[in-house]
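Asker: Below is the structure I would like to discuss, written out as structure tokens.
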Amino acid sequence: MKAYDIKKGNVVEHNGTVYQVRDIERSSPQGRGGNMKFRFTLYSVPGGTKYDLSLGSDDELKEVELSRRQATFSYKDGDAFVFLDDEDYSPYTLDSNVIGDDFGYISEGLKGCFVQIIDDMPVALQLPQNVVLEVVDTPPELKGGTATKRPKPARLSTGLESQVPEYIRNGERVCVNTVTGEFAGRAD
């Protein structure tokens, strides 16, 4: 597939290694007739080794066939995370090095995850776009300060740090975007 067709979450092969696309930066050249460049942040599957790759828009990468199974986080087994298939309850075990920095978004019973499987092996995890986490530690709102709503740091129930609006208090449940790590609203 051409570089301009590749999206986040795609799994591709480059130099004999399988990678998941985690981030894409596009840069338009100055002047006419320039070729748009794409910088991909890739992580090897399995293993999670980061690799940066720059391509022109017409360069090609081979997409790897994988299956995606919707699953729910069940429990942690040592350093591994165990997800259960939503249809047949098959367990999928993903090591913490495969989960990487996404561990901070995974809480008990998290639904809407997709486990990616190549040759019957679970190799990667796709999180839902937003997750709900509880605020466990954030400073109180400053009274009588300024009229602007400044963000403040908050530690969430999984240990994840995020910025939240001043009015959010300890014990509240908030939505967090799993792509940006940003506050995405109060949870019901």
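Asker: Test of understanding: in a Gaussian network model of the chain with alpha carbons linked when under 10 Å, which of PRO128, PRO153, PRO46 would top the mean-square fluctuation ranking?
Answerer: Result for the chain, Cα springs under 10 Å: PRO153 fluctuates most.
Asker: Quick one: which of LYS7/LYS76; LYS2/LYS37; LYS8/LYS37; LYS50/LYS111; LYS76/LYS111; LYS50/LYS76 span more than 18 angstrom between C-alpha atoms?
Answerer: LYS7/LYS76; LYS50/LYS111; LYS50/LYS76
Asker: Could you give the semi-axes, largest first, of the ellipsoid that matches the stretch 3-63, computed as the square roots of 5 times the alpha carbon gyration tensor eigenvalues and rounded to whole Å?
Answerer: 23, 11, 9
Asker: Given 37 °C and 0.692 mPa s, how large is the Stokes-Einstein diffusion coefficient of the stretch 71-114 in µm²/s, with Rh as the Kirkwood radius over Cα pairs?
Answerer: Estimated diffusion coefficient is 317 µm²/s.
Asker: Here is a further query. Please find the FRET efficiency linking ASP77 to ARG173, where r is the Cβ-Cβ separation and R0 is fixed at 35 Å, and quote it to the nearest 0.05.
Answerer: 0.85
Asker: Something else now. Regarding the chain, what's the average projected area of the Cα-atom convex hull, expressed in nm²? Don't skip to the end; give the middle numbers.
Answerer: Numbers: hull surface 56.7 nm².
Taking the Cα atoms of the chain, their convex hull projects to 14.2 nm² on average.
Asker: Provide the per-residue ³J(HN,Hα) series for the stretch 99-104, in order, calculated from phi with Karplus coefficients 6.51, -1.76, 1.60 and θ = phi - 60°, each as a whole number of Hz, with x at glycine and proline positions.
Answerer: Along the stretch 99-104, the couplings run 5, x, 6, 6, 4, x Hz.
Asker: Now for a separate question. How large is Rg/Rh for the stretch 130-186, to two decimals, with Cα atoms and a Kirkwood Rh?
Answerer: Over the Cα atoms of the stretch 130-186, Rg/Rh equals 0.96.
Asker: Where is the GNM fluctuation largest for the chain (alpha-carbon springs, 10 angstrom cutoff): TYR43, TYR75, TYR105?
Answerer: Looking only at TYR43, TYR75, TYR105, the biggest GNM fluctuation is shown by TYR75.
Asker: OK, next. Starting from one equal scatterer on each C-alpha and no solvent at all, send me the Debye-based log10 I(q)/I(0) for the stretch 41-130 at q = 0.13, 0.20 Å⁻¹, two decimals.
Answerer: Computed log10 I(q)/I(0) values: -0.46, -0.96.
Since every read-out is calculated from the coordinates, none of them should be taken as a lab result. These numbers were taken from a predicted model, which means no experiment stands behind them. Methodologically, a virtual Cβ is constructed for each residue, glycine included, from the backbone with ideal geometry; neighbour enumeration extends over all protein chains shown.
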